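Comments concern the structure below.
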Amino acid sequence: MPFYQRAFLYLFRKRTKTALLFLILLLVNSMILGTGMILHAAQTTQISIEKKSKAKAVCEITQDRDRISSQDIFAVKQLPHITFLNRQAESPAYLSDFLPITASDSQKPENSQIHVTAYDDLEKDGPFATQNYRLTDGTLIQPQSDSSAVIHEIFATVNGISIGDQIHLENEHGKTITVTVCGLFLSGNEHQQDNTLDSLYRIENQIFIDTKSYTTLFNSDQFNQLIVYTDQPGQTEALAEKLQELFGEKVEVTSSDALYQQMKAPLEQIIRITKLMMAFTLLSGTVIVSLILCMWMRSRQREMAVLISLGESKGTIFLQTFLESVMIFLLAAVGACCLGTLSANVVQAILSVSELALVMTPSLQMKEIVVLFATGSLVILTAVLLSLVPVLTTNPKDILSRMEG
């Protein structure tokens, strides 16, 4: 009778033992699969955090006469792992067709000027990113914005300006550009300002425009600040050092990766704990399955000794016992996959109603299934080898004589 037929008949005959081993392997496989899913979810979340952490280095000029030029920006673009450059510039300007808001009777030029600030992306940096200002209507300046402006809501109300209207900005030499209002904002500190403030320094007279409009108005491609974003948040300090070497003393470079560091620590701890759980599961699973198989093999020593005496090779005996365990393992692995899919769906349903801004969403992936079959097969192979050592290393005559005695 072929060894595979004997393996199937043995499992059928020993249904109680088969069911017991199935439940144990189902538990072990479920633990392997569960820890694998948690590990994958943590690693995926860590990668996602690296992409969305907004790790950056901020380059700010130390003197107004030494601004960041287009040549400097081109050199920064050549550095590796740079994902985005947010340029910032600011200058006083004049309104051609409206009046700035002021309560001062000063005759100085500053009391007839407005403060113009330009960003490539106003949502990423500036007072809106730090939540000092809040957008009340419309949209902020974005990289694709052209001839756009975000103005103060009180300034808009006093001058009868609405979103979509155009305003004309003028530099000190009389050059004028036209921008379209795309957003309105408020600060919340408007009433705390001193009435003696000149118009240039009042919050209501701050106007945010895109960098293209700024360079056209002031005929300048020099900037006060350059915010450099990277896709390697762990190397932000190294990037800051490179930028400092590149700019020299004309700028001060600071790194900003606080968000990444705050999220990185707990995730790394989860990954370490999960890997420890995986190792413990494999070790305990191997030990438990080996002990059970050793107990079974001890009761089957006579059967195996007889088979060897009748001419069966020890390799065939090993294949039979290995096949028996593998068949039970495959059934347990399928059951573990079903339980894993069910538990993943339950966890996702729970997390879908969570108010957490960032959550891990475990899911059953092909990678986890491959890991389950690979590690489970290793556990079965190790357990079978350990359980068969006493049989395969002992002479069949000694086994039979000991059993008869």
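Test D66 against the criterion of being in a loop (DSSP other than H, G, I, E, B), open to solvent by 20 Å² or more (accessible area, probe 1.4 Å) and not small (G, A, S), and give yes or no. When the stated conditions are applied, D66 passes them.
All of (1) part of a helix (DSSP H, G or I); (2) touching a residue at least 12 places away in the same chain (Cβ under 8 Å); (3) more than 26 Å from L85 (Cβ to Cβ) hold for L239 with one exception: (3). Taking the numbered list (1) open to solvent by 60 Å² or more (accessible area, probe 1.4 Å); (2) under 19 Å from P92 (Cα atoms); (3) of a type in the set (A, V, I, L, M, F, W, C) in turn, A149 passes all entries but (1).
More than 22 Å from I24 (Cβ to Cβ) and part of a loop (DSSP other than H, G, I, E, B): does that describe E303? When the stated conditions are applied, E303 does not pass them. Looking only at residues in the range 41-63 that are polar (S, T, N, Q) and crowded, with 17+ Cβ neighbours inside 10 Å, the one that is modelled with the lowest pLDDT is S53. Cβ-Cβ contacts under 8 Å between residues 6 or more apart (or on different chains), taken from a first residue in the range 333-345 that is at pLDDT below 80 to a second residue that is assigned to a helix (DSSP H, G or I), are listed as G340/S30; G340/L33; G340/G34; G340/M37; G340/E368; S343/G34; A344/M37. Residues that are small (G, A, S) and crowded, with 17+ Cβ neighbours inside 10 Å do not occur anywhere in the range 214-231.
Only one entry in E368, E324 is charged (D, E, K, R) and modelled with pLDDT of 80 or more, namely E324.
Filter the range 170-221 for residues that are of a type in the set (D, E, K, R) and under 36 Å from the mean Cα position of the chain (by Cα); which is farthest from S69 (Cα to Cα)? Lay out the reasoning, then the answer.
We begin by selecting, within the range 170-221, every residue of a type in the set (D, E, K, R); these are 170, 172, 175, 190, 194, 198, 202, 204, 210, 212, 221.
If we keep only those that are under 36 Å from the mean Cα position of the chain (by Cα) as well, we get 210, 212, 221.
Values: D210: 17, K212: 14, D221: 6 Å.
Applying the filter and picking the extreme gives D210.
Residues in the range 176-204 that are touching a residue at least 40 places away in the same chain (Cβ under 8 Å) and under 17 Å from D165 (Cβ atoms) were compared, and the one that is most open to solvent (accessible area, probe 1.4 Å) is T176. Here is the figure for the range 270-283: residues that are open to solvent by 30 Å² or more (accessible area, probe 1.4 Å) and either without any contact (Cβ under 8 Å) to a residue 24 or more places away in the chain or farther than 14 Å from V371 by Cβ (or both) total 7. Look through the range 191-227, keep the residues that are β-branched (V, I, T) and touching a Lys or Arg at 6+ places or on another chain (Cβ under 6 Å), and return whichever of them is nearest to I114 (Cα to Cα). For the range 191-227, the residue satisfying everything is T211. Taking the listed residues E245, E237, the one that is touching a strand residue (DSSP E or B) at 6+ places or on another chain (Cβ under 8 Å), surrounded by fewer than 16 Cβ atoms within 10 Å (Cβ to Cβ) and either more than 15 Å from S147 (Cα to Cα) or modelled with pLDDT of 95 or more (or both) is E237, with no other qualifying. Report yes if some residue within the range 30-40 is surrounded by fewer than 19 Cβ atoms within 10 Å (Cβ to Cβ) and assigned to a helix (DSSP H, G or I); otherwise report no. Yes - at least one qualifying residue is present in the range 30-40. Only residues that are in contact with a Phe, Trp or Tyr (Cβ under 7 Å, 6 or more places away or on another chain) and outside any loop (DSSP other than H, G, I, E, B) were counted across the range 53-63, and they come to 2. Within the range 120-135, being open to solvent by 50 Å² or more (accessible area, probe 1.4 Å), in contact (Cβ under 8 Å) with a residue 12 or more places away in the chain and within 22 Å of I68 (Cβ to Cβ) holds for E123, K124.
Examine the range 7-23 for a residue that is at pLDDT below 85, under 19 Å from L293 (Cβ atoms), small (G, A, S) and open to solvent by less than 60 Å² (accessible area, probe 1.4 Å), and state whether such a residue exists. Yes: one or more hits.
Listed conditions (1) within 30 Å of K54 (Cα to Cα); (2) in contact with a helix residue (DSSP H, G or I) (Cβ under 9 Å, 6 or more places away or on another chain) are all met by G138, apart from (2). In this entry, I288 passes the filter for residues that are open to solvent by 70 Å² or more (accessible area, probe 1.4 Å) and among the β-branched types (V, I, T). Being polar (S, T, N, Q), at pLDDT 70 or above and surrounded by 19 or more Cβ atoms within 10 Å (Cβ to Cβ) holds for only one residue in T375, T393, T382, and it is T375. Restricting attention to the range 100-119, which residues are in a helix (DSSP H, G or I) and without any contact (Cβ under 8 Å) to a residue 60 or more places away in the chain? Of everything in the range 100-119, just one residue is in a helix (DSSP H, G or I) and without any contact (Cβ under 8 Å) to a residue 60 or more places away in the chain, namely P109.
The values are calculated or read from the model by the stated rules, or taken from the named source; none is laboratory data. Note that the coordinates shown come from a computational prediction; the quantities given were computed from them, not determined experimentally. Note: ideal-geometry Cβ built from the backbone for every residue, glycine included; neighbour counts use all protein chains shown. Just so you know, the surface numbers come from the protein's heavy atoms only, side chains and all, with ligands and any DNA or RNA stripped out. Shrake-Rupley method; radii C 1.70, N 1.55, O 1.52, S 1.80 Å.
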